[in-house]
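First up is the structure itself, then whatever we jot down about it.
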Amino acid sequence: MTPDELTEKLLDFAVKIVKIAERLSHTFIGRHISGQLFRSATSAGANYGEACAAESRSDFIHKLSIVLKELNETNYWLTLIKKSELLPVIEIDPLIAESTSLSNIIGKSLITARKKGNPKDEQ
């Protein structure tokens with residue numbers, strides 16, 4: 001998968017999360033979870049863009065690590081929504097699967113980056 005394709009996948013994922021976050025109730029709990037979910041999911045894509053523009057191998061790895069942390073947090077909030085039955089499982093399960101898939105992709109990219117380094121270091 002190219003960086004542009006992954007950027008697009010992260011953006012599409014964030015759009016789905018935006019739509020789910022809007023549907024959570026406007027109670028204290030709904031607003032809290034919605035805000036946390038929105039921040040973590042949208043942060044993943046933004047930080048991936050920063051990683052792609054990294055100035056060094058260590059900067060790239062650091063920013064990619066943030067992407068992974070944000071995706072893991074997103075997965076937590078989605079699982080909480082599911083277990084709390086705030087939205088139908090049929091809507092949340094595909095998002096959990098997508099979040100997990102994106103985390104796996106980023107995790108593998110981190111492993112590769114740590115082994116091979118970032119070509120920007122060679123400039």
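Observations on the structure shown:
- Approximate spin-label separation Glu5-Lys19, in nm, with each point projected 7 Å along Cα-to-Cβ: 2.3
- Positive-end residue of His32, Ser43, Ser56, charge dipole of segment 19-74 with Cβ unit charges: His32
- Value of Rg/Rh across the chain [Cα atoms, Kirkwood radius]: 1.04
- Placing a pseudo-label 7 Å from each Cα along the Cα-to-Cβ vector at Ile29 and Ile90 gives an inter-label distance of 2.3 nm.
Where a number appears in this text, it was derived from the coordinates with a stated rule and is not lab data. This structure is a prediction, so every number in the text was calculated from the model and none was measured. Reconstructed Cβ throughout: ideal geometry from the backbone, glycine too, with neighbour counts over all protein chains shown.
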